[in-house]
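Structure, as structure tokens:
Values in this text are rule-based calculations from the coordinates and carry no lab data. Nothing here was measured: the structure is a model prediction, and the numbers come from that model. Here Cβ is always computed from backbone atoms with ideal geometry, including for glycine, and neighbour counts include all displayed protein chains.
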Amino acid sequence: MQIKNVFSSLYKIIFDTIFYTILFSLFLGLLPESFFSKFDLKPLSFDNDHLNKYRSYSHLKWNNDLVIKSKYIGSDVLHGPESLAEIGDYIYTGTLGGKLMRIHKRNHQIETVLQFKETNRCRKNSFMIDKCSITKMLHLNSIGNAQSLKSDECGRFLGLRENQNILYILEASTGLYRVDLNQKKLHRLSHDANVIEKKPIIFNDFVFDPKHSDLVYISVSTSKRFLDQIVWSIFENDLTGYVFAFNITSGESFRISEGHAMSNGIEIVPQQNAILVCESTRNQLTRIDLDKARSFLRSKQKVLLANELPVFGEMLLGEPDNIRLDPSTGDLYVGIVSWRHSGKHLKDYFAQWPFIKTCVGRTAYALYVFFDYLNSNLISMDSLEKYKNDLFTGHFIYNLMPEKDGAIARISSKTGRIVKIYGSDKFFGVSEAITDHEGNLWFGSFRNSFVGLISQKNL
């Protein structure tokens, strides 16, 4: 009888907690926007029913190649190696804390090339990050004391490219740089849009025009938030992404297209007639005619609207991040955050319920304000700081996704058809894959602490 009473009381506590939490969330969702002036969340409904059509992709056999065929380099050293570039004997990558690092292709030794901001906090190697295995998912902005090292404090290199044997990098908030590898210095090529435009922005990736070496096409993921809160832009289906061209000689820039749903990776097809843009939230590659893009340089024209641009090839069963061309085959390698090989994830079902998203977002923000007050005025704890930052950044939303199913899609540049999938049953968040001059495949991830390598013979 006593056990029965205990279970009855426990059930009542759980039921009441869930009921009043839902009631509180609904109340917050119904409040006027003026109550949340510091948390601008306006979710948009969008269709993602193609994610349940995975059976039509039966020609793509799901596998575990990124685990069983890969060698993991820099485990617990390379934190969040998002983009990769090959120059000479090295693979270069940008990591958490604003570091540019490189891996020797033969002996796999790792060294830091330079630091974006030379402060003690940013220069610190470990950031007090807990040791983790290669299969442990990392909340890259909220591990241990690293949670306070935000991207605007230390910088974050999101795009790397080699052009004429020179390394160029794109920093998330301040734009494009040329790297002097001999002196280990950065030379700035573009203005700081945050200062000029007085608003947040996330520069994500770039590609050089094959006929005009001083012309660069740059993708902006969102012009609504800084990098630390990018998850909220993904969550709400933010349509403030755009693509612009930048002349590194004259400093002139002009917008080509806008209205993109998280425009991340950008690449030019080997036929040199189109720019491809990864729209992560829409799960697609969007095609921009290259001649049309160049025409903006000659005369002012109406900016292209993303929803009026054609989709290149098949819809993808996951979020495309970065895209890179394999010059030896003409195929494209696309990093996929999480491939839906068996249907939608929990978070996908919220796509057509913007009010529910509003309730979830505002509840998270209210809890953040509450925890921030506790942490600042009453009790200071590392765990409280972590929860507070997870709520602020929206990183808790990753819990609505399985911590696996990261993938690389190999896509034909001629047809847009997916040729092969390289999958993982151990981790997600694959951001980019490149092939080196020997034909080996290297891949990075914004969520993990290693760079993966698959030798050419295992591809």
Per DSSP H run of n ≥ 4, the term is -39500 (n - 2.57); total these for the chain, divide by its residue number, and report the mean residue ellipticity at 222 nm rounded to 500 deg cm²/dmol.
-> -6000 deg cm²/dmol
For LYS388, the aspartates and glutamates lying under 17 Å Cα to Cα, once residues fewer than eight places off in the same chain are dropped, come out as ASP228, ASP372
So what J values fall out for segment 25-33 if you push phi through Karplus, 6.51 cos²θ - 1.76 cosθ + 1.60 with θ = phi - 60°, rounded to Hz, Gly and Pro as x?
-> 5, 5, 4, 5, x, 8, 5, x, 4
Only Lys, Arg (+1) and Asp, Glu (-1) charged, at Cβ; the chain dipole about Cα centre in debye = 380 debye
Over the Cα atoms of the chain the radius of gyration and the largest Cα-Cα distance (Dmax), both in Å, equal 22.3, 84
Sequence order, segment 358-363: Karplus ³J(HN,Hα) from phi using 6.51 cos²θ - 1.76 cosθ + 1.60, θ = phi - 60°, Hz rounded, Gly and Pro as x, gives 4, 4, 4, x, 5, 5
What is segment 186-306 by shape, rounded, prolate or oblate, if you read a ≥ b ≥ c off the alpha carbon gyration tensor as root eigenvalues and call it rounded for a/c under 1.5, prolate for a/b larger than b/c, and oblate otherwise?
-> oblate
Taking the Cβ of each residue in VAL369, VAL243 as the centre, tally the other Cβ atoms inside 10 Å and list the residues starting with the fewest.
-> VAL369, VAL243
Over segment 234-293, what relative contact order in percent results from Cα pairs under 8 Å that are six or more residues apart?
-> 25 percent
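Over the chain, what is the relative contact order in percent, taking alpha-carbon pairs closer than 8 angstrom and at least six residues apart?
It comes to 19 percent, rounded to a whole number.
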Kindly provide log₁₀ I(q)/I(0) values, in the same order as q = 0.10 Å⁻¹, from the Debye equation applied to equal alpha-carbon scatterers of segment 228-384.
-> -0.51
Net length gained if the chain between SER45 and HIS108 were fully extended (0.36 nm per residue, minus Cα distance) = 18.1 nm
